[in-house]
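None of the figures in this text is laboratory data; all of them are computed from the coordinates on show. Note that this is a predicted model, so its numbers are computed, not measured. Note: ideal-geometry Cβ built from the backbone for every residue, glycine included; neighbour counts use all protein chains shown.
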Amino acid sequence: MDARLLVSLSGITPKALYRCTELAVELDDRGVPLSMLFTPRAGDGAAAATEWMRTRAGRGDEVLLHGYDHRVTPSHHAVRLRRKAEFAALPAHEARLRLIAASAALERAGLRAEGFAPPRWLVSRGTLDALRERGFSLCADLSAVRDLRSDSVHRARVQGFGSATGTETVRCFALVLSAARTARRGGLVRLGVDAADLERPGRRQAFLDAVDAALEAGAAGTTYAGALTAARPPASAAP
């Protein structure tokens, strides 16, 4: 598969809309669509944020469901003890209940999502089972993009400031370097940013530099759904 560039944005709240819009315009100028992460019980469930997301989706961007309520500790005992991310260790039945509630909230917001990006990019096997039952086509976790229809797994780690280590300068440099290296190898370049990071000029510029580095190395911007469609083998011609 040719190199593909996937850019995701989380933390889309009314307070952060100005920076989100700035990023979207920069990506439009580069011909790169945006994958927007939606959490119903967070600030991105507010009217101004959902209206912005609906407008962007109508122009070719993508919505990914990003959990249900990150603030509530899941009831499963193992999760409660470790206070992990919302869908990191849920059994299928608990994941199913949260997905039903999240899907209903998504519909009320006038948004559609066939893909799921779990909070902190961590997902349990039970959640994957529940996603298939609920008709989701893909799950983007920390280390892979999973095609839930064909059960194929495309290994690619999401890169962002939350996963980097070292000083701020080192973290920014590493992001740009990783994007360029992955693109040159013909892989999936997954760049993820939280709207809060866009408030920091150094991180904002480094993120755009990483986008540019991937494009210059030959990656083509697309959505998560678009990347999976490109990776699927063509259907056999009818006799």
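Here are some notes:
- Filtered residue count, segment 121-146, keeping only those that are surrounded by fewer than 18 Cβ atoms within 10 Å (Cβ to Cβ) and not aliphatic (A, V, I, L, M): 7
- Looking only at residues in segment 189-234 that are assigned to a strand (DSSP E or B) and under 14 Å from residue 160 (Cβ atoms), the one that is nearest to the chain's Cα centre (by Cα) is 192.
- Residue satisfying all of: in segment 109-119; of a type outside the set (A, V, I, L, M) and within 15 Å of the chain's Cα centre (by Cα); farthest from residue 149 (Cα to Cα) among these: 119
- Residues that are in contact (Cβ under 8 Å) with a residue 24 or more places away in the chain, more than 19 Å from residue 95 (Cα to Cα) and among the hydroxyl-bearing types (Ser, Thr, Tyr), drawn from segment 116-168: 150, 152
- Of residues in segment 11-64 being within 19 Å of residue 106 (Cβ to Cβ), out of contact with any Leu (no Cβ under 9 Å at 6 or more places or on another chain) and of a type in the set (S, T, N, Q), the one surrounded by the most Cβ atoms within 10 Å (Cβ to Cβ): 13
- Of the candidates 150, 137, 178, 124, the single residue that is more than 18 Å from residue 7 (Cβ to Cβ), polar (S, T, N, Q) and in contact with a strand residue (DSSP E or B) (Cβ under 8 Å, 6 or more places away or on another chain) is 137.
- Selected residue (criterion: farthest from the chain's Cα centre (by Cα)) from residues of segment 120-148 that are part of a helix (DSSP H, G or I) and of a type in the set (A, V, I, L, M): 130
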